[in-house]
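Novice: Shown below is the structure under consideration.
The values are calculated or read from the model by the stated rules, or taken from the named source; none is laboratory data. Bear in mind the structure is a predicted one, so any value in this text is a computation, not a measurement. Please note: Cβ atoms are built from the backbone with ideal geometry, for glycine as well, and neighbour counts cover all protein chains shown.
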Amino acid sequence: MPDQLAFDWPTGVALGPDDFFVSEANAQAFSMLATPDTWPEKKLALIGPKGSGKSHLARVFQAQSDALLIAANAFAPDFKTDIPTVIVEDMEMLPTGSEEALFHLHNNMRAAGGTLLLTSLQPPSRWPIRLPDLASRMQATTVVQIANPDDALLSALIMKLFSDRQINPQPDLVKYLSSRIERSFAAAAAIVERLDAAALAQGRKINKSLAAELLDNAD
């Protein structure tokens, strides 16, 4: 399995398949999205914390399968499509008025042998869906989860976040941050943002000394 790197960050961040770093934290999700024919009933819920790479994986899958990708909060009550592969992102944001449309899309795709990928912060059992028939079908969806980053993924994520800001950190800084911050996607994003802002405000280089000051002040 190739080393690649991808995270769920704002517009401007590289989103190609060659930018996805596979580690133990996301290997199962990466593998399952590469083999949609193995999904039970050809539907899958991709679950993970903010910044874990769900959007990137969804876009890689979209490119590989010619899928239609739509944000759940943009899912219209009269939504219809003949495209056989559909991705719905951020399912926890699905409007109540659009639940029936998704219910019919799900049933039509199932009858036609279509493929449905759903992404969310939470598993289907925690989605705020009021329509009982849709809720039961969503809860029957196979779930694959992206875990909080392991050491390898956390280091790669920090490097990626610096790179997206055109910053080339020293390896010892990345190692230092990886050992000091909470092992989460949000913590990695927060410290890189704080370091960049502090360096600009103080006219300093981004290094271990500045990182130590910020982290010590946060303790």
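Novice: Can you run down the residue pairs with Cβ atoms below 7 Å, 6 or more apart or on separate chains, where the first is in the range 29-53 and in the same structural domain as LEU116 (by TED's automatic domain parsing) and the partner is of a type in the set (Asp, Glu)?
Specialist: LYS50/ASP8; GLY51/ASP8; SER52/ASP8; GLY53/ASP8
Novice: Of the numbered conditions (1) among the basic types (Lys, Arg); (2) within 30 Å of LYS205 (Cα to Cα); (3) over 22 Å from the mean Cα position of the chain (by Cα), ARG130 satisfies every one except a single condition; which is it?
Specialist: In the conditions (1) among the basic types (Lys, Arg); (2) within 30 Å of LYS205 (Cα to Cα); (3) over 22 Å from the mean Cα position of the chain (by Cα), ARG130 misses (2) alone.
Novice: Residues to consider are SER55, SER31; find the one that is surrounded by fewer than 19 Cβ atoms within 10 Å (Cβ to Cβ), small (Gly, Ala, Ser) and assigned to a helix (DSSP H, G or I).
Specialist: Step by step, each of SER55, SER31 is checked, and only SER31 is surrounded by fewer than 19 Cβ atoms within 10 Å (Cβ to Cβ), small (Gly, Ala, Ser) and assigned to a helix (DSSP H, G or I).
Novice: Since ILE146 meets every condition but one in (1) closer than 28 Å to SER120 by Cβ; (2) surrounded by 14 or more Cβ atoms within 10 Å (Cβ to Cβ); (3) out of contact with any Gly (no Cβ under 9 Å at 6 or more places or on another chain); (4) at pLDDT 90 or above, which condition does it not meet?
Specialist: Single failed check for ILE146: (3).
Novice: Look at ARG130 and say whether it is assigned to a loop (DSSP other than H, G, I, E, B), touching a Ser or Thr at 6+ places or on another chain (Cβ under 8 Å) and either under 30 Å from THR35 (Cβ atoms) or of a type outside the set (Ser, Thr, Tyr) (or both).
Specialist: yes
Novice: Then there's this: Which residue, of PRO40, PRO77, PRO2, is at pLDDT below 90 and loosely packed, with under 13 Cβ neighbours inside 10 Å?
Specialist: Exactly one residue qualifies, and that residue is PRO2.
Novice: Counting residues that are farther than 18 Å from ASP133 by Cα and hydroxyl-bearing (Ser, Thr, Tyr), which strands (runs of 3 or more DSSP E) fully inside the range 60-120 reach at least 2?
Specialist: Hits in the range 60-120: 115-120.
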